[in-house]
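Data first, discussion second: the structure below is written as structure tokens.
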Amino acid sequence: MDGDPRITVLNARINGAGGYFSGSDEVPRAVNRFSNEREMFYMNIDDRPLGSETYSSVLAHEFQHMIQWRQSVRPSTWINEGLSQLAEELNGYTASDLGSLYLSEPDLQLTDWAEDPSIAGAHYGASYLFLSYFYDRYKDQIDLQQLVKQGAGERLQLLAEDAREARPDIENFDQLYADWAVANLLNDPSLEQGRWSYGELPDTVVPEQDDDGVLSGEVAQFGTDYVEMETSTSERVLRFDGSDQIGVIAAEPEGTMWWSERGDDAVSTLTRSFDLRSVPSATLEFRTWFDIEEGYDYAFASVSTNGGTTWTTLAGEHTTTEDPQGANYGSGYTSTSGGSTATWVDERIDLTPYVGQEVMIRFSLISDDAFNRPGMAIDNIRIPEINFEDDAEAGSTDWQSTGWVRTNNELEQRWQLRLVSYEGDTPRVTALTLDGENTAEVRVPANTRAVLVVMATTPHTSERAEYSVSRP
């Protein structure tokens with residue numbers, strides 16, 4: 001960043017972290033006033049003394065973060081953290097012990113992250129275990145550097161394509177994820193040439209015990225429920241019924257809406273030109289729903305009077321000028337709309353200072369490199385004085401979108417099901433096929449122990465999926 005090939009390491013007393021790398025130091029102070037304008041690590045020598053193995057382990061971890069920040073178009077936290085822990089392992093340091101936190105609560109979204117430190121440990125465990133499994137099973141097929149450059153944390157299919165070189169039956173990331181979930185239950189290298197095993201697994205999952213009758217549950221996307229069916233002296237029929245659709249975010253639009261999408265180190269924009277030359281005053285009105293990482297990520301409504309060369313953020317009833325991290329470029333939207341739980345709110349912005357000319361209006365969302373929340377939705381955009389209304393229903397081509405999508409907030413809910421049955425001590429893994437209504441049925445022979453592995457696998461959302469399992 002600074003034209004100096006050397007890297008700065010600050011050894012100091014740091015509260016709450018063994019060490020860290022900050023992408024903010026990689027940008028000029030004109031972009032972030034807290035930038036040190038250099039490649040830099042911060043190391044806590046109270047927690048990890050200089051020269052100790054734990055110090056070197058953290059340094060290897062943070063070095064991977066620096067490399068990924070530079071190499072990846074759009075790094076994703078879950079794969080970024082998993083690769084940093086894998087970097088510790090590959091450099092000969094003690095592997096993370098956080099895997100056990102995940103294995104005790106596997107109903108956790110692999111491809112998401114938590115703001116709450118009490119939950120973040122399990123996310124570290126999940127991302128490390130998955131990357132360790134992926135590397136252990138497919139290291140001869142994968143090029144980690146290329147996966148980083150191509151943004152595999154968001155483009156999940158890239159991981160499946162590498163795995164397919166060794167196992168042609170793996171068609172998508174859903175199936176690769178399912179193999180890992182079964183490995184966390186079995187970890188048996190004698191089965192399928194080690195398909196369901198890996199060396200760094202600290203323990204195996206303990207399935208939930210299910211009573212007779214109907215089990216109603218919910219599971220995170222790319223999270224897993226392990227349901228053990230009690231052994232019966234007679235044949236049983238297991239019936240699964242999963243939800244067909246899932247919301248992109250926890251907002252109900254009036255038909256369709258514009259959504260900013262979400263991601264780490266992401267910039268999305270929605271831009272349109274307006275002619276305000278014939279009116280003495282103007283007002284921008286719209287409905288909005290937002291759930292944005294408070295103080296770190298911001299959405300903006302902005303105006304340009306010079307064709308997009310420069311932009312000025314617009315103050316509204318729900319914006320803030322507070323800027324604790326140097327990420328608010330004026331008046332921005334952050335945290336949740338309408339209170340502790342995000343709800344739709346009406347926004348109103350005075351455009352009168354910009355009348356008498358043609359202007360461009362832009363909605364944008366800018367996120368940092370560590371954590372992200374569901375983002376921003378907007379609907380019913382109006383400038384009454386020029387009779388402009390857009391309810392996001394019929395595809396107007398005048399909006400220029402980079403990242404924003406028009407959606408009815410519905411996605412197809414995808415599922416992966418595996419039945420692990422035990423005839424004696426030997427497990428058998430069966431992939432269950434769902435019909436068009438996301439139901440499946442399987443017969444379990446008498447005196448056979450069985451574990452149903454339930455996985456929701458819809459990308460682009462962190463909403464939980466509902467299902468039921470019955471066994472008359």
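So the values come out like this:
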item: Set V454, V442: member being surrounded by 13 or more Cβ atoms within 10 Å (Cβ to Cβ), closer than 15 Å to P207 by Cα and aliphatic (A, V, I, L, M); result: V454
item: Top-ranked residue in region 67-109 [being crowded, with 24+ Cβ neighbours inside 10 Å and not in a helix (DSSP H, G or I); ranked as modelled with the highest pLDDT]; result: P106
item: Hits in region 224-250 (condition: in contact with a strand residue (DSSP E or B) (Cβ under 7 Å, 6 or more places away or on another chain), closer than 30 Å to V405 by Cα and in a loop (DSSP other than H, G, I, E, B)); result: S243, V248, I249
item: Residues being more than 19 Å from N328 (Cα to Cα) and part of a strand (DSSP E or B) - total across region 284-316; result: 4
item: Some residue of region 43-54 being hydroxyl-bearing (S, T, Y) and outside any helix (DSSP H, G or I); result: yes
item: From the options S273, S281, S268, residue that is part of a strand (DSSP E or B) and surrounded by fewer than 16 Cβ atoms within 10 Å (Cβ to Cβ); result: S273
item: Qualifying residues in region 147-186 (those that are part of a loop (DSSP other than H, G, I, E, B) and small (G, A, S)) - the one nearest to M455 (Cα to Cα); result: G153
item: Region 352-369, subset touching a Ser or Thr at 6+ places or on another chain (Cβ under 6 Å) and surrounded by 17 or more Cβ atoms within 10 Å (Cβ to Cβ), residue farthest from H460 (Cα to Cα); result: V359
item: Which listed residue is without any contact (Cβ under 8 Å) to a residue 12 or more places away in the chain and over 18 Å from I381 (Cβ atoms), from T305, T321; result: T321
item: Strands (runs of 3 or more DSSP E) fully within region 331-442 counting 1 or more residues that are in contact with a Gly (Cβ under 9 Å, 6 or more places away or on another chain); result: 345-350, 358-366, 375-383, 405-407, 415-423
item: Selection count, region 126-146, where residues are crowded, with 18+ Cβ neighbours inside 10 Å, in contact (Cβ under 8 Å) with a residue 24 or more places away in the chain and not hydroxyl-bearing (S, T, Y); result: 7
item: Unmet requirement for Q193, which otherwise passes all of (1) more than 20 Å from A122 (Cα to Cα); (2) part of a loop (DSSP other than H, G, I, E, B); result: (2)
item: Subset of region 93-151 that is of a type in the set (D, E) and within 17 Å of N184 (Cα to Cα) - its residue that is nearest to the chain's Cα centre (by Cα); result: D107
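Table: residues versus (1) over 28 Å from V219 (Cβ atoms); (2) among the basic types (K, R); (3) loosely packed, with under 15 Cβ neighbours inside 10 Å; (4) outside the structural domain of L284 (by TED's automatic domain parsing).
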position: D346; (1), (2), (3), (4): yes, no, yes, no
position: F371; (1), (2), (3), (4): no, no, no, no
position: S421; (1), (2), (3), (4): no, no, no, yes
position: T430; (1), (2), (3), (4): no, no, yes, yes
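Each row is one residue, and each column tells you yes or no for (1) modelled with pLDDT of 95 or more; (2) in contact with a Pro (Cβ under 9 Å, 6 or more places away or on another chain).
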{"site": "Y177", "(1), (2)": "yes, no"}
{"site": "D210", "(1), (2)": "no, no"}
{"site": "G217", "(1), (2)": "no, no"}
{"site": "T224", "(1), (2)": "yes, yes"}
{"site": "S234", "(1), (2)": "no, no"}
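The values are calculated or read from the model by the stated rules, or taken from the named source; none is laboratory data. Fair warning: this is a prediction, and the values are worked out from it, not measured in the lab. Virtual Cβ from ideal backbone geometry, glycine too; neighbours counted across all protein chains shown.
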